[in-house]
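Undergrad: I'd like to ask some things about the structure below.
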Amino acid sequence: MNKTLFILPIILLTGSVFAAPETNRVPGEDEAKYTQVIEGRTADILRVLELTDTNRAARVHDIIIAQYRALNAWHGANDTKLKAARGDTNAVAQIRESLKVLHNEFIAKLSANLTPEQLEKVKDKMTYGKVQFTYAGYIAQYPGLSEANKEKVLELLKQAREEAMDGGSAEEKTAIFQRYKGKINNYLSKQGIHPDKQKPAAKPQTAE
């Protein structure tokens, strides 16, 4: 049996948290340490983008750093309110409305400096590559998915990524993806696709 195909579905079902420092400031953390964390995150993103225009790279750097700080400030001001409003859908939506504005402004600024492909890379780095990782798990677990099913799974995972980009911690980002995996599982179930009905991948034939 292909060990990779065996491991991926297990991770898919249990949920994985990629080890990564949070971009929100830990209570009591000093400014220098916090700045070091978000600068490291931003440097990782810029490394993937491989921007040759130094002026553009500087603009993108400043946009990402500013977003991390803005998210930190937003969560610091609103996480307690969200917790108190839990269960009240309208109240939660009202609180999160300003976060959507922050998100949209961030995407607009990046879009003015990056190609759509580069923007995708930023989104993936800010969410630890969970779209590709989780999608690969579904493909391994459900080898008979139609192209339409695959497109829907990927669409929902990208919706999760869009929301998870604004998460205040690695744990929150993971929880968002877990919630969307529930949506994916419900979708597949309605399509009559269940894990226990999947045929195992054919074993490669070996030369005698």
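Undergrad: Within the group V48, V60, V37, V17, which residue is at pLDDT below 95, assigned to a helix (DSSP H, G or I) and of a type outside the set (D, E, K, R)?
TA: Numbers: V48 fails: at pLDDT below 95; V60 fails: at pLDDT below 95; V17 fails: assigned to a helix (DSSP H, G or I).
Of the residues listed, the single one that is at pLDDT below 95, assigned to a helix (DSSP H, G or I) and of a type outside the set (D, E, K, R) is V37.
Undergrad: Of a type in the set (S, T, N, Q) and assigned by TED's automatic domain parsing to the domain that holds M165: which single residue out of T80, T134, T54, T89 fits that description?
TA: Details: T80 fails: assigned by TED's automatic domain parsing to the domain that holds M165; T54 fails: assigned by TED's automatic domain parsing to the domain that holds M165; T89 fails: assigned by TED's automatic domain parsing to the domain that holds M165.
Going through T80, T134, T54, T89 in turn, the sole match is T134.
Undergrad: Scanning for something over 19 Å from the mean Cα position of the chain (by Cα) and within 17 Å of E162 (Cα to Cα), does the stretch 80-93 turn up at least one residue? Please lay out each step first, then the result.
TA: Our first condition is that a residue be over 19 Å from the mean Cα position of the chain (by Cα); within the stretch 80-93, this holds for 80-93.
After this cut, where a residue has to be within 17 Å of E162 (Cα to Cα) as well, the list is 93.
The answer is yes, given that some residue of the stretch 80-93 is over 19 Å from the mean Cα position of the chain (by Cα) and within 17 Å of E162 (Cα to Cα).
Undergrad: Of all residues in the stretch 103-124, which are surrounded by 15 or more Cβ atoms within 10 Å (Cβ to Cβ) and more than 16 Å from E50 (Cβ to Cβ)? Steps first, please.
TA: Our first condition is that a residue be surrounded by 15 or more Cβ atoms within 10 Å (Cβ to Cβ); within the stretch 103-124, this holds for 103, 106-107, 109-110, 113-114, 118-119, 121-124.
Result: H103, F106, I107, K109, K123.
Undergrad: In this structure, is A140 small (G, A, S), in the same structural domain as E39 (by TED's automatic domain parsing) and either more than 27 Å from R59 (Cα to Cα) or out of contact with any Gly (no Cβ under 7 Å at 6 or more places or on another chain) (or both)? Break it down stepwise before answering.
TA: Working: small (G, A, S): yes; in the same structural domain as E39 (by TED's automatic domain parsing): no; either more than 27 Å from R59 (Cα to Cα) or out of contact with any Gly (no Cβ under 7 Å at 6 or more places or on another chain) (or both): yes.
No; evaluated as a whole, the condition is false for this residue.
Undergrad: For the stretch 125-137, give me the residue count where each residue is surrounded by 15 or more Cβ atoms within 10 Å (Cβ to Cβ) and free of Cβ contacts under 8 Å to residues at least 40 places away in the same chain.
TA: Count: 2.
Undergrad: Which residues, taken from the stretch 54-104, are under 20 Å from R41 (Cα atoms) and charged (D, E, K, R)?
TA: Of everything in the stretch 54-104, those that are under 20 Å from R41 (Cα atoms) and charged (D, E, K, R) turn out to be R56, R59, D62, R69.
Undergrad: Tell me whether the stretch 163-182 contains one or more residues that are more than 18 Å from the chain's Cα centre (by Cα) and either in a helix (DSSP H, G or I) or more than 26 Å from R59 (Cα to Cα) (or both). Steps first, answer last, please.
TA: Initial filter on the stretch 163-182 (more than 18 Å from the chain's Cα centre (by Cα)): none.
So far as the stretch 163-182 goes, no, none of its residues is more than 18 Å from the chain's Cα centre (by Cα) and either in a helix (DSSP H, G or I) or more than 26 Å from R59 (Cα to Cα) (or both).
The values are calculated or read from the model by the stated rules, or taken from the named source; none is laboratory data. Just so it is clear, the structure is predicted and the values come from calculations on it, not from any experiment. Don't worry about glycine lacking a Cβ; one is built from the backbone with ideal geometry, like all the others, and counts go over all protein chains shown.
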